[in-house]
Amino acid sequence: MIITEGLTRKFKDLVAVEGLDLEVEEGEVFGFLGPNGAGKTTTVRMLAALIAPTSGRAVVAGYQLGKENQKIREVVGVLTESPGLYGRLSAYQNLEFFARLYGVRARAGQVEKYLRMLDLWDRRDEPVGRFSKGLQQKVALARALIHEPRVLFLDEPTAGLDPEAAKLVRDFIEELAKEERRTIFLCTHNLSEAERLCDRIGLIKQRLIKVGTPEELKGELYGRRTVIQLKSLPPAVEAEIGRLPFVEGLQADGNKLILTLAQPESQNPLIVRRLVELGGEVQWVQKMEHTLEEVYLDLVKEGE
Amino acid sequence: MNYRLRALMKKEWQEAFKNKMVLFGITLLPLIFLGFAAFMLLQAKGLPPEAPPETKFILINQTMFYFILLPLIIPLSIAVYAVTGEKEQKSLEPLLATPLTDLELFAGKVLAAAIPGVVISWLFFGLFLGVASLLVTPDLVLTVLAPPWLLAIFLLSPLVAIFTVTVSMLISSRMSDTRAAYQLSSFAVLPVVIPIFIFGLKEALLSLGLIALEAGIVALVDLGTVILAAKLFQREQILVRWK
């Protein structure tokens, strides 16, 4: 649904995005993670045919960027970081205006569908300037969806929202992804949000650092680790375990052994058996979990 | 006119007519000007027979001035808000993400701002003629229906409106504060009516030649400001350069 090859954007001397190679499948929720100024918004602007790349190429929903920009804008929806609504107009008028711009045929029905879906129907005639930020973001989300886009770009959809409003928006995105099978390109800072919503995640800092599922990213960076807590850990036991051919990494922390293994499901029992043979008293065996936050911070640091 | 252009113009008017400054511009201001214009004509009617004819000419010339000012003032607030309002509300990017073309965006904004000024000035000119026919003698009414007046109302007024709109948009694109943009635009568009005002104080009725010359100059200036403003209304420019 989205393919980019060497997509680059420079602003005078500043390189905002460099050599972006990416493929996003149809129906996929793709998370785009990176620190401020990493090039997330610039990427969205390029892919939504708002600004031109300096070099490289991209195909969005089958249309070539640069040559078929108008077509791209017809089939994508964009939710910007701030709702960007017309505060003096009502929710209905805001949505109706965009439905007209996109040439939506059954306009009234479509506007009603989204206002009802987002529980805004009863407040449809109120100026959106009076709405809370969360409600405004819901209207903005409806605006991005009013023409049933094949690709939805969401740029920090929950930034600046209180936890309740953020949850509302997040739940709605989850629903969209599950039920409507839309391709969603989600830029976010919120790592738990990315982990919860995204099928795959791309980490960017001007260049694309890594792409993978949240699990793959964690596994690739740290390997799969097992923590074994012993009553006591003599150095000889530690050395003996380290000599096992399948142990890829070993770290001792007090009475804990932290092992990196390729196949922990089959190798953990062998290690436990060997520990017992060596006289070790095993208290706990745990899978070592890493948060996406750790992965993110390490990868971003690595990318510097 | 295509559906996107119509949609944009409708939205501009929906927004503009909820703005107090615009509402004042399209309702009270024309009424005030109509009152002034009728008063000028009454003054001309009430002149004693021994008064020099120049006094009457000056009064009639100044009457015309009000109808040139309307298409200057009314579009100003709409045009400024059409740009700064979008910036303040951060609504430009979602708008630019739609299939609206750069030309449609520019044309929609210009037409939505210029049309009310022109239509209202024509409407109030019609009202003025009605009021004048009730208050003053037919010869005075015929004076304001003479070719210089008609050229001023039906050609110069729209040209002045386009000048106001494009200049205001050029200025507003570089500013983020509506009030400051409005004040600066007001100063910037004033020169366009100064020749009419100065010649109106001369001791003869404004001639067809003078109005045609002014219209020609404004048309040329319009061409330049339209080209400049159209260049500024390109997605890339708006997102990257506008303040």
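The values are calculated or read from the model by the stated rules, or taken from the named source; none is laboratory data. These numbers come from a predicted model, not from an experiment. Quick reminder, even Gly has a Cβ in these numbers, built from the backbone with ideal geometry, and neighbours come from all protein chains shown.
For the stretch A:86-96, a residue qualifies if it is out of contact with any Asp or Glu (no Cβ under 8 Å at 6 or more places or on another chain) and either crowded, with 24+ Cβ neighbours inside 10 Å or away from chain B (no Cβ under 11 Å) (or both), and the qualifying residues are A:Asn94, A:Leu95.
One residue stands out in the stretch B:67-100 among those that are facing another protein chain (nearest Cβ under 7 Å) and of a type outside the set (A, V, I, L, M): the one that is surrounded by the fewest Cβ atoms within 10 Å (Cβ to Cβ), namely B:Lys90.
Taken over the stretch A:125-143, the criterion of being at the interface with chain B (Cβ under 10 Å from one of its Cβ atoms), surrounded by fewer than 23 Cβ atoms within 10 Å (Cβ to Cβ) and either in a helix (DSSP H, G or I) or touching a residue at least 60 places away in the same chain (Cβ under 8 Å) (or both) is satisfied by A:Gly129 alone. Of B:Leu103, B:Leu134, B:Leu140, all but one fail to be assigned to a helix (DSSP H, G or I) and within 14 Å of chain A (Cβ to nearest Cβ); the exception is B:Leu103.
Restricted to the stretch A:220-282, the set of strands (runs of 3 or more DSSP E) holding at least 2 residues that are surrounded by 15 or more Cβ atoms within 10 Å (Cβ to Cβ), touching a residue at least 12 places away in the same chain (Cβ under 8 Å) and touching a Cys at 6+ places or on another chain (Cβ under 8 Å) is empty.
Looking only at residues of the stretch A:97-124 that are assigned to a helix (DSSP H, G or I) and in contact with a Ser or Thr (Cβ under 7 Å, 6 or more places away or on another chain), we find that the one that is surrounded by the fewest Cβ atoms within 10 Å (Cβ to Cβ) is A:Leu101. Return the residue satisfying two criteria in turn: it lies in the stretch A:143-193 and is among the β-branched types (Val, Ile, Thr) and in contact with a Pro (Cβ under 7 Å, 6 or more places away or on another chain), and of such residues it is modelled with the lowest pLDDT. Among them, the one singled out is A:Val169.
Yes/no matrix, rows are residues, columns are (1) loosely packed, with under 13 Cβ neighbours inside 10 Å; (2) without any contact (Cβ under 8 Å) to a residue 40 or more places away in the chain; (3) farther than 20 Å from B:Leu151 by Cβ:
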site: B:Tyr182; (1), (2), (3): no, no, yes
site: B:Phe197; (1), (2), (3): no, no, no
site: B:Ala212; (1), (2), (3): no, no, no
site: B:Val221; (1), (2), (3): no, no, no
site: B:Glu236; (1), (2), (3): no, yes, yes
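Sort out which residues of the stretch A:74-85 are more than 8 Å from chain B (Cβ to nearest Cβ) and in contact with a Lys or Arg (Cβ under 6 Å, 6 or more places away or on another chain), and write them in order of number. Matches in the stretch A:74-85: A:Val75 only.
Every residue, every condition in (1) in a helix (DSSP H, G or I); (2) within 14 Å of chain A (Cβ to nearest Cβ); (3) basic (Lys, Arg); (4) surrounded by 15 or more Cβ atoms within 10 Å (Cβ to Cβ), yes or no:
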{"residue": "B:Lys11", "(1), (2), (3), (4)": "yes, yes, yes, yes"}
{"residue": "B:Ala37", "(1), (2), (3), (4)": "yes, no, no, yes"}
{"residue": "B:Gln43", "(1), (2), (3), (4)": "yes, no, no, yes"}
{"residue": "B:Glu50", "(1), (2), (3), (4)": "no, no, no, no"}
{"residue": "B:Lys56", "(1), (2), (3), (4)": "yes, no, yes, yes"}
